[in-house]
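What follows is a single structure, written as structure tokens, with notes after it.
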Amino acid sequence: SNADTMPSPSPSVSVSPSASPMATATTSPAASTEPTAEAGVNTVEDAARVSDQVAEEVEKLSELDMAEAVVAGNIAIVGIQYDTQYQGGLTDRLIDMVDKRVQTIDKTITAVHVTDDATVLEKIKALREQLEKKEITFEQLQTQVLDIGSKIAGGSDASVNQPQSTTGA
């Protein structure tokens, strides 16, 4: 029902990422039943720590040679490279296994986007380096995670109401 969102054109119902001083975990309130202010990764320091933990945990999968991960709010983006023995590609089974590994690190992560695309993996690596060097604000990190996550999910995720980045395309 759209009844609760349509009647009031109140300016406080803005989805602009710069309109809110609070770092919210996602622009889709239906994605989580947890309050986003207390749940998820909400600082650059937490993002760096949890991203490292997620990457290390995902790399334990025998099918994988390497994994890079970046976590912001309740979203994780994970880029993977296969072990030379693995012949299966990015299957639903493998995505589910990665998702389960991510959940063991942080149960507040409600969206896990996995890719084996080399170009996207490089973007995740570059974002991870910015995070490690603290060359990015949490708001910038969140926008990038939403942007990359949207691309992994198929380009236009209706629940992501963020402007898409045109850099590096």
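Annotation: amide H of Asp65 within the under-5 Å range of Gln81, Tyr82, Asp83, sequence separation 5 or more or interchain, hydrogens built in the peptide plane. Peptides 53-60, 71-78 ranked from most to least packed, by the mean per-residue count of other Cβ atoms within 10 Å: 71-78, 53-60.
Potential lengthening of the chain between Lys60 and Asp46 amounts to 2.9 nm, from the contour at 0.36 nm per residue minus the alpha-carbon distance.
With the full set of protein chains in place, find how many percent of the accessible area of region 75-144 is carbon and sulfur; take the probe as 1.4 Å. So the carbon and sulfur contribution to the accessible surface is 47 percent.
The values are calculated or read from the model by the stated rules, or taken from the named source; none is laboratory data. All of these numbers come straight from a predicted model, not from anything done at the bench. Don't worry about glycine lacking a Cβ; one is built from the backbone with ideal geometry, like all the others, and counts go over all protein chains shown. Heavy atoms of the whole protein, side chains included, go into the accessibility calculation; ligands, DNA and RNA do not. Shrake-Rupley method; radii C 1.70, N 1.55, O 1.52, S 1.80 Å.
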